[in-house]
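See structure below.
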Amino acid sequence: MTKGVLLFAQNNSSVDYTKMAVYAASRVKKFLNVPVTVVTNDVNQLSKNDILKVVDSVIEVLDDSPYTKFFYDGADSSVNLQWNNTTRSNAYTLTPYDETLVIDVDYIINSNILSYCWEQPQDFLIYKDSFDLAQWRDQREFQTVSEYSIPFYWATTFWFRKSQFAESFFDLVSYIKANWSYYKSVYQIHSTNFRNDYGFSIALHLLAGLDTDYLVGHLPSKMYYITDRDFLTSVNDQEMNFLIEKEGTSNEYIHTKTHGLDVHVMNKFSLLRAIEK
Amino acid sequence: MDAKVEKAFEIANYMATLTAQKRILKEEYNQSLIFYHNGGMFKATKELITFVKTLTDLTDSNQSVLVDDNQLPVDVADLKAFLTTALSTYQYAVNAYHTAYSALRKNRTVEGLMLV
């Protein structure tokens, strides 16, 4: 069985996902020590980084996403940009590995906790439980896909073994993506944009109803995250420092830090600044 | 601003930072309780340790099947070795938690909390 990590780095006009991918790959090598493949729409930009030691292979795929969204950089600053997120559902056919861990390039590995994936018997692992580093924020949007709807699963990080189940799952996600206007109505989702988290959650619901926990396994621990209203200020070894949006304010922040926790950093601009330090 | 009010805001900032950091420390503790055995994922809780100790004490066999945190049955061929792993995982996690928590409590400024 071959095993490895698949990273998606689909650049837009302002955010260099390839730089984040190279950094994420270096963290994978350090803590998980498995091969890394980067799927990107910008091989030239990726090649400008020192990739030889951390990236084992590169796959070029153009993302024809029709979506845009506001990318925030803290509570006070945002810009509307192309959001290239539609190739994730092709992970099954793109991966060169039998057993693949897919992580977002803004998911920063600080531990070896995900090495568990390759030791366990289930064909599919994903996060359902999450933890916002800001305690006060309403987290319901990450618990169910809409107010009276199904459980929310994170497409940020997941693991799959090549199997009939995994293949069917990704086929369903592609089908949901192609018929997004229908499925978003059925599941009472207000967002016009197709979002992989929604696609994954709906596919799991179609496959298992509300008994999803009997169908897929949970990744260890929780999905720790900051939103794009917060800042990552530094990252080194296993420690990350943050400025977290303060309750009831628009431009005040609380300083906090983590040690040994893998964290999803949704503020891409602050992640790039921290990487470049 | 009045000095007393300024001090009150300073303390409010300190308390907010302390609370956030305590919350994260607890998560770090919870994560460090996780260990793996024979393809299964377990958390070295007091309940698990007590249960496995009971199994080793009250049954003749050193082998058992345990249900892991993904609700899957996992064959444990050597219960005593499993207990040793669970205990050492628990002790390492709780000692690290205690050390970090003690350091946190000693610091009375936001700057001090960030140096822990």
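Results, tabulated for the structure shown:
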{"read-out": "Single unsatisfied condition, A:Val58 versus (1) loosely packed, with under 15 Cβ neighbours inside 10 Å; (2) without any contact (Cβ under 8 Å) to a residue 24 or more places away in the chain; (3) not charged (D, E, K, R)", "value": "(1)"}
{"read-out": "Residues of region A:189-237 that turn out to be more than 14 Å from chain B (Cβ to nearest Cβ), touching a strand residue (DSSP E or B) at 6+ places or on another chain (Cβ under 6 Å), among the acidic types (Asp, Glu) and not in a helix (DSSP H, G or I), as a count", "value": "1"}
{"read-out": "Every residue from region A:149-174 that is of a type outside the set (A, V, I, L, M, F, W, C), assigned to a loop (DSSP other than H, G, I, E, B) and under 14 Å from A:Ser201 (Cα atoms)", "value": "A:Ser149, A:Tyr153"}
{"read-out": "Filtered residues of region A:250-270 (kept if at negative phi and within 11 Å of another protein chain (Cβ to nearest Cβ))", "value": "A:Glu252, A:Tyr253, A:Ile254, A:His255, A:Thr256, A:Lys257, A:Thr258, A:His259, A:Leu261, A:Asp262, A:Val263"}
{"read-out": "Filter result (among the β-branched types (Val, Ile, Thr), surrounded by 15 or more Cβ atoms within 10 Å (Cβ to Cβ) and within 14 Å of B:Phe35 (Cα to Cα)) within region B:46-79", "value": "B:Ile49, B:Val74, B:Val76"}
{"read-out": "Test for A:Lys184: is it out of contact with any Lys or Arg (no Cβ under 7 Å at 6 or more places or on another chain) and without any contact (Cβ under 8 Å) to a residue 60 or more places away in the chain", "value": "yes"}
{"read-out": "Qualifying residues in region A:185-230 (those that are of a type in the set (Asp, Glu) and under 24 Å from A:Arg161 (Cα atoms)) - the one surrounded by the most Cβ atoms within 10 Å (Cβ to Cβ)", "value": "A:Asp197"}
{"read-out": "Residue that is farthest from the chain's Cα centre (by Cα) [pool: residues in region B:17-39 that are more than 7 Å from chain A (Cβ to nearest Cβ) and more than 27 Å from B:Lys106 (Cβ to Cβ)]", "value": "B:Asn38"}
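So that you can scan it fast, the table gives a plain yes or no per residue for (1) part of a strand (DSSP E or B); (2) of a type outside the set (Ser, Thr, Tyr):
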residue: B:Glu10; (1), (2): no, yes
residue: B:Ala16; (1), (2): no, yes
residue: B:Thr19; (1), (2): no, no
residue: B:Asn30; (1), (2): no, yes
residue: B:Met41; (1), (2): yes, yes
residue: B:Thr50; (1), (2): no, no
residue: B:Thr54; (1), (2): no, no
residue: B:Asp60; (1), (2): no, yes
residue: B:Asp69; (1), (2): no, yes
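The numbers here are math on the coordinates, done by the rules we state, and not lab data. Note that the coordinates shown come from a computational prediction; the quantities given were computed from them, not determined experimentally. As a convention, Cβ positions derive from the backbone with ideal geometry for all residues, glycine included, and neighbour counts pool all protein chains shown.
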